[in-house]
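Structure record follows, encoded as structure tokens.
The values are calculated or read from the model by the stated rules, or taken from the named source; none is laboratory data. From a predicted model like this one, the values you see are computed outputs, not experimental measurements. Areas reflect the complete protein model, heavy atoms only, side chains present, ligands, DNA and RNA absent. Shrake-Rupley method; radii C 1.70, N 1.55, O 1.52, S 1.80 Å.
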Amino acid sequence: MRIGLLTEGGYPYAVGESGVWCERLVRGLGQHRFDLYAVGRPSAAGASLPLPPNARLVRAADPEGASGNLLERAALGTARAARRAYGRRDRRRFTEAYERLATGLCAEEAEGTGGARGVSTAGAGGSGAADVGEPGGAAAFAEGLYALAELARERGGLPGALRSDDAVRALEAACRAPGARRGAAAAGLPDHLAFAEHLEGVLRPLSLDWYEEDALGAADLCHAAAGGTTALPGLLAGHFFGTPLLVTEYGVQLRAHYLSAADADRSAPLRTLLAALHGRLAAEVYRQAALLTPGNAHTRRWQERCGADRDRVRTVHPGMAADRFDGVGEDEESGDPATLVWVGRAEPAKDLVALLHAFAEIRTRQPDARLRIVTVPVRDPGAEPYLAQCRALAAQLFPDEAAGAHAVGENPVSFEELGGPEAPTLEDTYASGAVVVLSSVVEGFPAGLVEAMFCARATVSTDVGAVVEIIGGTGLVVPPRNPRALADACLALLRDPERRYRLGAAARARALELFTVEQNLAAFRGIYLELLSHAPVRHRPGDGALFAHPAEAHVPGSWTPRAVTAGTGAPDA
């Protein structure tokens, strides 16, 4: 099978969890051929992972900057080149398509359509365009998107047209049209210009040279490692060639956009337009995908709320390497029975402040308790000030304790960095304590919780994101931003070793059943075959495609119920 794998720039470039997952998928399904299409800026220019024999990097493009592809550079052009590149007829086609797309972005949804609902669910293999008569602006957005894609494919891209005066005027008219969103109607010229620039970056995949018979047209299946812009080439492959689209999301890009700090300095009308754009694009991807495979129920709820058909959504938990934690998980007696361990990135969403206040309550009721805060190294400039704030709070809550007035005491809270002398590996870190704590107020799929389960550690977690789905009944879950409840749960486990061991063993068994690399690969092996078995057969003479013809055509022998033996006139026995 030939898979067109659409990545976020994390693979084959050596960065990010998405890159690790893609590498495991490609290497674990060696019977299939993977054509890699990298959308997004590589984090390390020129640094890429070695590819296995069944994979090759076909195309790479950066939607936010210049690409090394000469055709793409020529297609992008400049705003001034738009009028020279297009004739009158093509300019009219562009304007009509852009007006349709802008109208769909700015229009309020009809009451009861669910925001992104009420639009065609034709799925992969259809034309990709929504029905005209359906409610809301999603249909208009889809029509405009595919019309722009067809124009770009015919004319070698959209040379500066997305930033042209025609585009800005069409956007301004859509914002001020009757029935437009209230926030969009308040947008001014600076907002229109800023949004047109952002939209040009989002729609830049329309101008790529990927939609040819020897590129995405040759794929049996498109598999996008994320939604949004990453899945857009797969959406267009389905529109042009009927190629089935599989979308895997282990985090929701739309949710990340809503929570992005980059929008804080933008005006309210511009934020409204940006939210509408990403919402419309996500909804169209969800509606047209042949199958969606969210990594957890939290992501699945987002997809369904944005218009995904429940029958085409199947949860596939991310696979993680479990063998590195075998030594810890098989030793029930490892770890200090009075030590709590926290592992993660130092950021406000992890709510270390609440954890420190909870630990202050724990210390008053169990004086020998200790807390290890082990941070993962990050390059985020905002991490250090927050960590410094937490250190100062710990020093205030737990002044040095000593037996005498002239002795030097030891703070019961330690701040360490993963990879340092006291916490060289994750295995050593989890093995050092009796209970692993997660105190976050915002989470998606907390991988650290699964790692603790592989280590057979009892856990206390806040009820956020996919925590309950991961834990099941193998750990204690408390409300977020509730230090008293967090303290009570931790004390319950610290004071009951038998319960702690029982929960830890159950947690390891659950993790080995649901969250290993092997179960993840087995799930996608079956999904690939299932999707292709329902896809229309596309004959490509001479390419030797495995599924180009029905399997019966290759079975030797006769299919007639009774064959006559040559020369005898009598049927075979």
For this session: For segment 448-517 and segment 185-260, compute the distance between their C-alpha centroids and round to whole Å.
Result: 38 Å
Exercise. Considering only protein heavy atoms and a 1.4 Å probe, what is the carbon-and-sulfur percentage of the accessible area of segment 410-524?
Worked result: 52 percent
Exercise. Taking square-rooted eigenvalues a ≥ b ≥ c of the alpha carbon gyration tensor, is segment 152-285 rounded, prolate or oblate, where a/c under 1.5 means rounded and, failing that, a/b exceeding b/c means prolate?
Worked result: oblate
For this session: Kindly provide the pair-distance distribution of segment 315-474 built from C-alpha pairs, with 5 Å bins from 0 and whole-percent values in order of increasing distance.
Result: 2, 8, 17, 21, 22, 16, 9, 4, 2, 1, 0, 0
